[in-house]
Amino acid sequence: MNYTYVVPYETWQPFVEADERGSTSVAALSGLDVRKEAARISRAIPEMSRKADSLRDLQERSAQVKADLIDVAGQIIRVSDRLIDAIHALPPEQAAEQAEILGELEQGRKLAFERMAHLNPDQLWFWTEEWQAGERAVDRDIAAGVPGEGPMTGEEFLAALDAMRAESA
Amino acid sequence: MPRYEWERRFGEEFKKLSKDNQAAFLEAVARFVAALKEGRPPDPGLGIQQMPSHPGIYEFHYSKWGRATFHYASEERGKDAIVVWRRIGGHTIYRQP
């Protein structure tokens, strides 16, 4: 991870002021001035180091907060989808009684998806209704013992995919 | 030795992919299979990482827009892994109703 640290203004302020007065320049500083500035900068280094550490901590906390927000948005999407599915599976008259809750769930899902779009756009495809419905269908197949294909070795797997590609021509 | 399976849905979805997407997946997954067989980390370009909020499901990139998901049916992630393919899609996966 790269960190950028800005040297505090007070560190370089004397050089700027000297240039603005037009009376001197960094190159024109006397040996005494240079030693004084070097000593001052040297004294400032521990403080700069502490600020760099603080900045690094802040960046790490910020990354963790973002990860937590993504996790919460994902959980809201998954729970909303499960409940929406459950309401849709009810007999029509019972589903109608849950219409208000259904609307709230759909709205909550939409907001969580929008938040996910902002926080985690690279993986947004995974959180679409269509993709999530497919993942739940796979989980149901696994729970019901619906057979897939395999197990296969790597070579068998690649050959089976190639055969399936030929079949679907 | 790594083993591979696929769920019924994955097979159905693979058959519906375009020829280009099928070929792209085959090329990409062959690199994944070779890496597991040789006990080395998969190519980072395959984008393999666990999905947040969905423990156990991994994403797999086989092209710029092509995505698949899998899970491990084993604790092992290396040479004795059992990889179960769950879903596969092309660019249409980005549509949100």
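Side notes on the structure shown:
- Legend: mean number of C-beta atoms from other chains within 10 angstrom of residue C-beta atoms, peptide B:48-55, equals 6.
- Computed label-point distance, nm, for sites A:T153 and A:R56 using a 7 Å Cα→Cβ extension: 4.9 nm
- Helix-only [θ]222 nm of the protein assembly as shown, DSSP H runs n ≥ 4, -39500 (n - 2.57) each, per residue, nearest 500: -20500 deg cm²/dmol
- Net lengthening on full extension, A:E100/A:A144 (0.36 nm per residue, minus Cα-Cα): 12.6 nm
- Considering only alpha-carbon pairs that sit under 8 angstrom and 6 or more positions apart, the relative contact order computed for region A:16-169 is 18 percent.
- Radius 9 Å from Cβ of A:M152, net charge of other residues (Lys, Arg +1; Asp, Glu -1): -3
- Take the convex hull of the alpha carbons in the protein assembly as shown; its mean projected area over all directions comes to 23.2 nm².
- Taking region B:3-94 and dividing mean pair separation by its residue count, relative contact order in percent (alpha carbons under 8 Å, at least six apart): 33 percent
- Spin-label pair B:Y72-A:A169: with each label point 7 Å from Cα along the Cα-Cβ axis, the two points sit 3.8 nm from one another.
- Modelled this way, with points 7 Å down the Cα-to-C-beta line, the labels at B:K16 and A:V65 are 4.1 nm from one another.
- Volume of the Cα convex hull of chain B, divided per residue and given in Å³: 102 Å³
- Placing +1 on each Lys and Arg Cβ and -1 on each Asp and Glu Cβ, with no other charges, gives region B:16-97 a dipole about its Cα centre of roughly 300 debye.
- Among the lysines of chain B, pairs at least eight places apart or on separate chains and with Cα atoms under 23 Å apart come to 4.
- Between helix B:19-38 and chain B: long-axis angle, C-alpha atoms, 0 to 90°, nearest 10: 10 degrees
Since every read-out is calculated from the coordinates, none of them should be taken as a lab result. Remember, it's a predicted structure, so these values are computed and weren't measured experimentally. With ideal geometry, Cβ positions are generated from the backbone for all residues, glycine too; neighbour counts draw on all protein chains shown.
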